[in-house]
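The values are calculated or read from the model by the stated rules, or taken from the named source; none is laboratory data. As the structure is a prediction and not an experimental result, all values here were calculated from the model. Here the Cβ positions follow ideal geometry from the backbone for every residue, glycine too, while neighbour counts run over all protein chains shown. Each accessible area value is taken on the protein alone, full model and side chains, heavy atoms only, with ligands, DNA and RNA left out. Shrake-Rupley method; radii C 1.70, N 1.55, O 1.52, S 1.80 Å.
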Amino acid sequence: MDFLQPTSWLDALAVKSERPEAMPIAGGTDVMVELNFDVRRPAALLDLTRVPELAEWAVYDGRVRLGAAVTYTQVIAELTDRLPGLAIASRTVGSPQIRNRGTVGGNLGAASPAGDSHPILLAVDAEVEAASVTGTRRIPVAEFFTGVKRHALRPDELIAAVWVPAATGPQQFCKIGTRNAMVIAVTAFAIALHPERRRVGTGFGSAAATPRPAPEAEEFLSQALAEEGLWESRAAPRDSVVRRFGELVADAASPIDDVRGTAGYRRHGLQVMARRAFTWAWNDYRKA
Amino acid sequence: MRVTCTVNGERQQADDVREGESLLYVLRERMGLPGSKNACEQGECGSCTVYLDGAPVCACLVAAGQAQGRDVVTVEGLTEGEDLDPVQEAFVEAGAVQCGFCTPGLVVATHDLLRRRRRPDDTEVREALAGNLCRCTGYEKILDAVRLAADRAADRVAG
Ligand SMILES: Cc1cc2nc3c(=O)[nH]c(=O)nc-3n(C[C@H](O)[C@H](O)[C@H](O)COP(=O)(O)OP(=O)(O)OC[C@H]3O[C@@H](n4cnc5c(N)ncnc54)[C@H](O)[C@@H]3O)c2cc1C
Ligand code: FES
Ligand code: FES
């Protein structure tokens, strides 16, 4: 095995194009578990922790360009105001030790259906900036996940950053697990209110082969809120509307039975989380 | 490959490190620092917690090569000569140590917490130690130890 340690972004891309089989390693919180247990023996490791550009974020035109190697701890400390939903999700990841190392880029790279950053990235229409020596492209997060632990990167590409629109309204994230810390979500849900567009965005995890949005639920709720003038009046929607929203979110899922929970439980959990998360977010909107 | 880094203030070097090897393995097996414990090798138990450039991390999840040139502090590095760190003293006095396997990690995690928060409330303590498992004590004595260490530190600051 080779240990490749580029110290600049251009070098990292050059190395990845010469050695497409090299496995990137950022915080190592997924990769090292696999190496320690001999689940994988990559021909080479491509260490990204010496590429300073990846650990930075900046704001352009209302969008945060979040470097792939920005850690959860950084998101919580530095971006809670601009990216409240991602910050809430970040607080639920692992433990302080894991959050000090684990990165949003690594979460995307692992592409687990249970990745906690994914639901909110879907709900806000974030984009993954993928790069190689031949150029850069932006992939909508909804198109990034192609299967269980599979994503749309080409072998010569690395994730440079994630483009996340700064919040224009309240955001929430909830996840069901057996305890507060250190759990893989049984199922998870995120919501973002976009008052300026009169839209609601959603995303859920651990209830299909990939993280997914719930477009019909979004459409239904956005319309219901608009038709009744609730974005302007900020009054509470009828219970039946909120209930229907929860059902439509659950309908968008195709969960399976596994050791963490049954498909039925996941559907039920999604309904409850969707109702609650919306209610919390709407209450915040009413107070704002 | 060769890995050189600062460990507990001293320059350390390890040779013939395998590329996929963890920092934990290098510390324990190549540098003779067995304080950090290996109990799960998957980030779940926290018994391998060390400072890496000032941030507590699971040494089992850091690739050794990633520590090249970095600053590592292990539980061994918290003592001053023969003198235990106040956090270590508090763990002993509060009876927070039984088999002791979890202790080094908890000591480092507590040390970090008390650097950041002088008077953490119970929720903050639980949150800060959520990544450290103990199979013996039932945690109550550990919480006592953290409170004791916080009290001592506050007294010392108050003079
Ligand atoms: C104890 C424990 C608890 C955990 N709890 C949670 C949790 O609650 N929620 C959660 O979502 N996850 C959790 N995880 C999983 C993990 O911490 C996260 O997925 C984390 O975001 C991974 O980031 P990393 O930087 O450590 O990734 P790494 O392990 O370094 O990499 C992960 C994957 O991404 C690839 N990769 C990394 N960076 C790039 C890049 N720039 N371009 C292309 N590919 C890249 C790697 O090749 C690898 O396939 C947990 C892990 C552990 C060990
Ligand atoms: S041995 Fe590293 S967390 Fe358990
Ligand atoms: S004292 Fe034995 S595991 Fe904590």
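Among the residues of the stretch B:44-63, those that are under 22 Å from A:L45 (Cα atoms), at the interface with chain A (Cβ under 9 Å from one of its Cβ atoms) and more than 6 Å from ligand 2 (Cβ to nearest atom) comprise B:L52, B:V57, B:L61, B:V62, B:A63. Residues considered: A:E232, A:E218. Of these, the only one that is acidic (D, E), surrounded by fewer than 19 Cβ atoms within 10 Å (Cβ to Cβ) and more than 14 Å from chain B (Cβ to nearest Cβ) is A:E232. Being touching a residue at least 40 places away in the same chain (Cβ under 8 Å) and open to solvent by 70 Å² or more (accessible area, probe 1.4 Å) is the filter here; which residues of the stretch A:250-272 pass it? Matches in the stretch A:250-272: A:R260, A:Y265, A:R267.
Table: residues versus (1) on the phi < 0 side of the Ramachandran plot; (2) in contact with a helix residue (DSSP H, G or I) (Cβ under 8 Å, 6 or more places away or on another chain); (3) of a type outside the set (D, E); (4) open to solvent by 50 Å² or more (accessible area, probe 1.4 Å).
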residue	(1), (2), (3), (4)
A:T29	yes, yes, yes, no
A:M32	yes, yes, yes, no
A:D47	yes, yes, no, no
A:P52	yes, no, yes, yes
A:E56	yes, no, no, yes
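Using the structure shown, decide if A:T80 is on the phi < 0 side of the Ramachandran plot, within 14 Å of chain B (Cβ to nearest Cβ) and in a loop (DSSP other than H, G, I, E, B). The answer is no for A:T80. Here A:E196 fulfils each of the conditions (1) closer than 30 Å to A:T146 by Cβ; (2) assigned to a helix (DSSP H, G or I); (3) in contact with a Ser or Thr (Cβ under 9 Å, 6 or more places away or on another chain) apart from (1). Checked across the stretch B:35-43, the condition of being away from chain A (no Cβ under 13 Å) and farther than 16 Å from A:N36 by Cα holds for at least one residue. The criterion of at least 1 residues that are surrounded by fewer than 19 Cβ atoms within 10 Å (Cβ to Cβ) and within 16 Å of ligand 1 (Cβ to nearest atom) is met, among helices (runs of 4 or more DSSP H) falling completely within the stretch B:64-153, by B:122-128.
Just checking, does the stretch A:4-12 include any residue being open to solvent by less than 50 Å² (accessible area, probe 1.4 Å), over 20 Å from B:G69 (Cα atoms) and more than 16 Å from ligand 3 (Cβ to nearest atom)? The answer is no, given that none of the residues of the stretch A:4-12 is open to solvent by less than 50 Å² (accessible area, probe 1.4 Å), over 20 Å from B:G69 (Cα atoms) and more than 16 Å from ligand 3 (Cβ to nearest atom). Out of A:R266, A:R179, report the one residue that is over 28 Å from A:G67 (Cβ atoms) and part of a helix (DSSP H, G or I). Unique residue meeting the criteria: A:R266. When A:T178, A:T187, A:T103 are checked against the criterion of being buried (at least 24 other Cβ atoms within 10 Å of the Cβ), within 14 Å of chain B (Cβ to nearest Cβ) and among the β-branched types (V, I, T), a single residue qualifies: A:T103.
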